[in-house]
Amino acid sequence: MSTGSGADSAPAPTSTHESKTGGTFSSLKIRNYRLFATGAVISNTGTWMSRITQDWLVLSLTGSAAAVGITTALQFLPMLLFGLYGGVIADRLPKRRLLLISQAALGLCGVALAVLTLSGAVEVWHVYLIAFLLGMVTVVDNPARQSFVSEMVGPAQLRNAVSLNSANFQSARLIGPAVAGVLITTVGSGWAFMFNGLSFIAPLVCLLMMRTSELHASVTVKRAKGQLREGLRYVSGKPELIWPIVLVGFVGTFGFNFPIFLTAFADEIFDGGAGMYSFFNILMAAGSLAGALLAARRRSSRLRMLVAAGTLFGALEIVASLSPSVWLFSLLLVPIGMIGLTTNISANTSVQMAADPEMRGRVMSLYMMVFAGGTPVGAPIVGWISDVYGARTGMAAGGAISMLAALGVGFALTRVGGLRLKLDLRPGRPHVRFVPREQLATAA
């Protein structure tokens, strides 16, 4: 399952696994979630193989970083256009049934691209079309998959499961690029696409093996007019929802364009090839996996963590863009992956925990629409900047926008929460922290 939460109420009668909620891997004690994670790591590996291969194939066919940006944009354009409708569908229909359909469709898209490539008939417009079709399926798959997590694990394990989903995805990101690099240079791109298509058999089998009696009861929203507008009004009235979504929107639109950044640095700046591009992705994945596992150990997600991570992420991208050597650039990719994943998980868990169960599908579809749907806007812009002004300028611009957005959201949250910055230079005390205005007045 490519890329975790839905409506939940009382636990199923057989749910005895919530007595122990601690530990980095506590969600894996739940059988249904264990099946979900097993299927996901296999399909995620195929997805990462396909992503790496797709980016390199487009670059080989066109020689343009902007073309890679267009491919990425087309894959996320449906999320921007129809993402909210996907959330309405996820709130109305059983999540497991939706996932069986969407995962099968994703597998068929992978097989189709494999057949075109292996036959030697593939052209760049084929890649564009299949990228768009993948995006259309993802419109429903993403909110359904995100929402289904709470049905498997319940509210007590939701935070841990969301973090483990990210760890799962990043683990596959360690394996997928490496395998893709080997396949591209030995047997060709088509077999990497074929592995991706066939990898979706695993989540389909695991979904069918789940015990439905152990799923937590879900709140199914009946079909009615105005449900999309209702979701937007709900989010706009809750600062703890709207500001994290705004931040991930800027970061996702401009800062997370790594297919463009890494292909351009591997090809233009350091004169490498597909192997170097895969190596860059492996380093990013190693950092992201570390970030996900650290997040799984945390018991809470605070908005100040989100703001700090977003600011540091943007700053690291700027520094990496100025790297004079491939080794320094490579070294910086690890903390960029770690802090970038921390930003994403902090926002994701904050939003899921703040959303009511009956609204969670629509809230998460808005989250994904903003995070991933902004790519059709940001990817061509960043790709054009990279083509015209150089890869370094493109990556620096993405980092600068991400950092400024994080600082702006931090300022907005302090105003909404009635907070001010306090400096405390006494030993053993936090040196910089936010406190309520009344506390400052009392202290004065």
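The values are calculated or read from the model by the stated rules, or taken from the named source; none is laboratory data. Not measured: the values here are computed from a predicted model. So basically every Cβ, Gly included, is an ideal-geometry build from the backbone, and we count neighbours across all protein chains shown. Ligands, DNA and RNA are stripped out before the accessible areas are found, and what is left, the full protein with its side chains, is counted by its heavy atoms. Shrake-Rupley method; radii C 1.70, N 1.55, O 1.52, S 1.80 Å.
When a 1.4 Å probe is rolled over the protein heavy atoms, the share of accessible surface on the stretch 227-365 that falls to carbon and sulfur comes to 66 percent. Net charge in the neighbourhood of Ser386 (other residues with Cβ under 12 Å of its Cβ; Lys, Arg +1, Asp, Glu -1) is -2. Taken per residue, the accessible surface of the stretch 324-390 reaches 31 Å², heavy atoms only and a 1.4 Å probe.
According to the square roots a ≥ b ≥ c of the eigenvalues of the Cα gyration tensor, what is the shape class of the stretch 352-396, taking rounded for a/c under 1.5, prolate for a/b larger than b/c otherwise, and oblate for the remainder? In terms of gyration-tensor shape, prolate.
Taking the square roots of five times each eigenvalue of the Cα gyration tensor of the stretch 236-323, the equivalent ellipsoid has semi-axes of 29, 16, 11 Å, listed largest first.
The packing ranking of peptides 170-183, 123-136, highest mean first, is 170-183, 123-136, where packing means the average number of other beta carbon atoms within 10 angstrom of each residue.
Across the stretch 225-382, C-alpha contacts under 8 Å between residues 6 or more apart give a mean separation that, scaled by the residue count, equals a relative contact order of 41 percent.
Rounded to whole numbers, the Karplus 3J(HN,Hα) couplings from phi for the stretch 397-412 are 5, x, x, 5, 5, 4, 5, 5, 5, 4, 5, x, 5, x, 5, 5 Hz, using 6.51 cos²θ - 1.76 cosθ + 1.60 with θ = phi - 60°, and x at Gly and Pro.
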